[in-house]
Ligand SMILES: Nc1ncnc2c1ncn2[C@@H]1O[C@H](COP(=O)(O)OP(=O)(O)OP(=O)(O)O)[C@@H](O)[C@H]1O
Ligand SMILES: [Mg+2]
């Protein structure tokens, strides 16, 4: 399969003529093109309302990115990973976070707006992961809008834009509420 075929065919994610969904898909293609060509855009974020296909599209991008020779894609649902890094959760943060920071292929962090307790646990881990991941490929999703992430911590929202990061605001009708 050629790269052109890879990015133009076999998307389960549908746009139904909705400009927001079209923008999401267009950004997916731009990001994959940057991965393919070793371009400067290393980050992509889908932030917005529930049911717009952010997670679904992220996984599809992950599958396609895995075919581009940069290594396999790691997909992590951030709230669950955080839970598992709590003292009795079975995972050691000091081991998991450096591994994710160094992961060669695309790293997808799904739902980064959830589970971060600002005062207690989580937020510092997310911010430092985004920091030390440096210029390696990163895709994030969240239910929270850019200004809401900024309200949690400006360091968090800021890092989504680094390395030519694109932030797509996904505010539209839930896909499952659409009539075919
Ligand atoms: N654009 C789309 N094209 C095709 N199916 C879709 C689309 N958007 C959503 N769906 C369907 O709806 C399901 C839920 O979508 P998904 O979990 O990706 O939404 P989300 O934006 O991540 O929502 P949340 O913010 O609640 O996590 C998908 O598994 C898929 O079956
Ligand atoms: Mg989701």
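Worth a mention:
- Residues of segment 28-54 classified as within 13 Å of ligand 1 (Cβ to nearest atom) and part of a helix (DSSP H, G or I), total: 2
- Condition check for residue 153: surrounded by 15 or more Cβ atoms within 10 Å (Cβ to Cβ) and more than 16 Å from ligand 1 (Cβ to nearest atom): yes
- Meets criteria (surrounded by fewer than 16 Cβ atoms within 10 Å (Cβ to Cβ) and within 13 Å of ligand 1 (Cβ to nearest atom)) for residue 17: yes
- Among the candidates 100, 106, 47, 68, residue that is within 16 Å of ligand 2 (Cβ to nearest atom) and within 18 Å of the chain's Cα centre (by Cα): 47
- Residue match in segment 71-80 (condition: loosely packed, with under 13 Cβ neighbours inside 10 Å and farther than 30 Å from residue 5 by Cβ): no
- Scope segment 109-153; condition under 29 Å from residue 37 (Cβ atoms), assigned to a strand (DSSP E or B) and more than 13 Å from ligand 2 (Cβ to nearest atom); matching residues: 138
- Options 10, 4; residue that is assigned to a helix (DSSP H, G or I) and surrounded by fewer than 14 Cβ atoms within 10 Å (Cβ to Cβ): 4
- With respect to the conditions (1) touching a residue at least 40 places away in the same chain (Cβ under 8 Å); (2) farther than 20 Å from residue 129 by Cα; (3) surrounded by 16 or more Cβ atoms within 10 Å (Cβ to Cβ); (4) within 16 Å of ligand 2 (Cβ to nearest atom), residue 28 lacks only one, and its number is (1).
- Among the residues making up segment 55-70, those that are crowded, with 16+ Cβ neighbours inside 10 Å and part of a loop (DSSP other than H, G, I, E, B) are 68, 70.
Yes/no matrix, rows are residues, columns are (1) modelled with pLDDT under 95; (2) under 26 Å from residue 103 (Cα atoms); (3) in contact with a helix residue (DSSP H, G or I) (Cβ under 6 Å, 6 or more places away or on another chain):
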{"position": "1", "(1), (2), (3)": "yes, yes, no"}
{"position": "14", "(1), (2), (3)": "no, no, no"}
{"position": "18", "(1), (2), (3)": "no, no, no"}
{"position": "26", "(1), (2), (3)": "no, yes, no"}
{"position": "32", "(1), (2), (3)": "no, yes, yes"}
{"position": "35", "(1), (2), (3)": "no, yes, yes"}
{"position": "45", "(1), (2), (3)": "no, yes, yes"}
{"position": "53", "(1), (2), (3)": "no, yes, yes"}
{"position": "64", "(1), (2), (3)": "no, yes, yes"}
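- With respect to (1) assigned to a strand (DSSP E or B); (2) at positive phi, the lone exception for residue 164 is condition (1).
The values are calculated or read from the model by the stated rules, or taken from the named source; none is laboratory data. Note that the structure is predicted; figures quoted are calculated from it, not measured. In this analysis, Cβ positions are derived from the backbone assuming ideal geometry, glycine residues included, and neighbour counts consider all displayed protein chains.
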